[in-house]
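Below is one structure, written out as structure tokens; comments come after it.
The values are calculated or read from the model by the stated rules, or taken from the named source; none is laboratory data. Quick caveat: nothing in here was measured; it's all calculated off a predicted structure. All Cβ positions, even for glycine, are placed from backbone atoms using ideal geometry, and neighbour counts span all protein chains on display. What goes into the accessible areas is simple: the full protein's heavy atoms, side chains included, and nothing from ligands, DNA or RNA. Shrake-Rupley method; radii C 1.70, N 1.55, O 1.52, S 1.80 Å.
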Amino acid sequence: MSKEKAFEQEFENKIENEIKIEPRDWMPEKYRENLIRQISQHAHSEVVGMLPEANWITRAPSLRRKVALLAKVQDEAGHGLYLYSATETLGARREDTVDDLHEGRAKYSNIFNYPSVTWADIGVIGWLVDGAAIQNQVMLTRTSYGPYSRAMVRICKEESFHQRQGYEIVLHMAKGTPEQKEMAQDALNRWWWPSLMMFGPSDKDSKHSQQSLAWKIKRQGNDELRQEFIDKTVPQAKYAGLTIPDPDLKWNEEKGVHDFGEIDWSEFMNVIKGNGPMNRSRIKARKAAKENGAWVREAATAYHEKKMKRAQQKQSAA
Ligand code: BYC
């Protein structure tokens with residue numbers, strides 16, 4: 001058996017036996033590339049995802065709400081950092097992955113290309129967007145690549161708090177004045193369908209799913225996760241007294257799941273190609289953050305270099 005074949009066999013055995021693939025292990029080049037693609041896009045989503053919520057930090061309706069939102073947005077930045085670090089363990093350079101985002105070569109979640117126009121949107125983002133993210137990420141805690149899997153465990157714990165803070169805002173508004181309830185319903189109407197699109201295209205149109213499932217990068221298909229999310233969320237909407245904006249939504253007694261209406265995939269394709277309502281504004285904000293933060297990176301690098309030099313001088317003097 002050639003050396004390459006032996007490595008491949010060992011890799012396949014690990015996948016088969018649920019042993020995590022670690023950064024220094026041999027892995028097929030396509031496995032590495034696919035992981036860098038998915039994890040870096042996931043990192044971009046976390047970072048771009050801070051923007052619609054940060055929009056409301058200064059206008060949160062109370063100090064308590066402000067503190068919770070501030071903490072949530074900071075958590076998202078942390079998630080981005082764990083995930084960029086995970087791509088670095090695969091040999092990617094962080095600067096390159098960030099440039100890919102800024103130059104339109106990399107995607108990020110469709111959901112962050114919609115505007116957050118009222119405070120109720122902050123509740124619905126936590127409830128639906130973080131809810132959909134958890135649905136997907138709990139599955140990813142069992143992904144075959146060690147650093148990605150471990151990052152997901154921590155991220156899921158934080159996402160659970162995010163989902164609860166969002167649902168609590170929604171409940172508060174839905175049980176509040178008629179105007180507040182109307183705001184909550186309006187936000188649900190606008191965010192429902194884009195949230196369902198977060199799970200990605202239907203399995204039959206998903207170009208990476210088959211290979212990703214075989215390599216256990218993904219552990220469930222896009223459609224199965226979407227269905228589980230709908231089945232969990234419908235009773236939550238009912239409890240809040242809100243109506244899901246889908247006339248075709250109904251319980252299917254035979255299958256034990258909710259049937260739901262057709263997703264507008266042309267809207268999804270349009271958004272992920274860069275033509276959603278907020279795509280340009282999101283990328284502009286990220287580019288500005290990079291430019292405006294250049295002096296901080298330079299100062300940190302200079303400090304680090306000086307510290308290293310001093311340590312070397314001390315060592316050679318000893
Ligand atoms: N949006 O073959 P497919 C968060 C692309 S953020 C945009 O099924 P895959 C949060 C896909 O990339 C959480 N593009 O792909 C943060 C591919 O194009 P490329 C974000 C999408 O990878 C702040 C093409 O369509 N979560 O929680 O097998 C505040 C074909 O798709 C989308 C993650 O990133 C989409 N929704 O499956 C609040 C989870 N869906 O790359 C909350 C990690 C698909 O060939 N990612 N595309 O050009 C995944 O689990 C998988 O990448 C997906 C898609 C299930 C999303």
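Only Lys, Arg, Asp and Glu carry charge here, each on its Cβ (+1 for the first two, -1 for the last two); on that basis the chain has a dipole of about 1540 debye about its Cα centre. The C-alpha atoms of the chain define a longest principal axis, and helix 63-88 lies at about 40 degrees to it. Surface composition of the stretch 124-247: carbon plus sulfur atoms hold 55% of the accessible area, using a 1.4 angstrom probe and ignoring ligands, DNA and RNA. This model, with +1 at the C-beta of Lys and Arg and -1 at the C-beta of Asp and Glu, gives the stretch 65-207 a dipole about its Cα centre of some 380 debye. Rank 307, 66, 238 by mean-square fluctuation in a GNM of the chain with C-alpha springs under 10 angstrom and give only the top-ranked residue. Top of the fluctuation ranking is 307.
Rolling a 1.4 Å probe over the protein heavy atoms gives the chain an accessible area of 54 Å² per residue. Per-residue accessible area (protein heavy atoms, 1.4 Å probe) orders 145, 303, 114 as 303, 114, 145, starting from the largest.
Mean separation of Cα pairs under 8 Å and 6 or more residues apart, divided by the residue count, gives the chain a relative contact order of 18 percent.
Which one, 296, 116, 275, projects farthest toward the positive side of the charge dipole computed for the chain from Cβ point charges (K/R +1, D/E -1)? Final value for the positive-end residue is 296.
So, in Å, what gap is there between the alpha-carbon centers of the stretch 62-116 and the stretch 122-192? Here the two parts' Cα centres lie 16 Å apart.
When the chain is treated as a GNM with alpha-carbon contacts under 10 Å, the residue of 79, 42, 304 showing the greatest mean-square fluctuation is 304. Working note: Debye formula, equal point scatterers on the alpha-carbon atoms of the chain, no solvent; log10 I(q)/I(0) at q = 0.10, 0.12, 0.14 Å⁻¹ is -0.64, -0.89, -1.16.
Between residue 74 and residue 22, the contour length at 0.36 nm per residue exceeds the Cα-Cα span by 15.9 nm. Projection of the Cα convex hull of the stretch 185-318, averaged over all directions and equal to a quarter of that hull's surface, yields 15.2 nm².
How far is helix 222-240 tilted, in degrees, relative to the longest principal axis of the Cα atoms in the chain, given as a value from 0 to 90 rounded to the nearest 10? In the chain, helix 222-240 runs at an angle near 50 degrees to the longest axis.
Think of each Lys and Arg Cβ as +1 and each Asp and Glu Cβ as -1; about the Cα centre, that makes the dipole of the stretch 124-203 roughly 320 debye.
A cut-off under 14 angstrom between Cβ atoms defines the neighbours of residue 303, and their net charge, with Lys, Arg +1 and Asp, Glu -1, is +3.
For the cross-link pairs 72/284; 157/232; 66/157; 30/107; 14/255; 72/181, the ones whose C-alpha atoms lie over 27 Å apart are 14/255.
The long axis of helix 178-197 is offset from the longest Cα principal axis of the chain by roughly 50 degrees.
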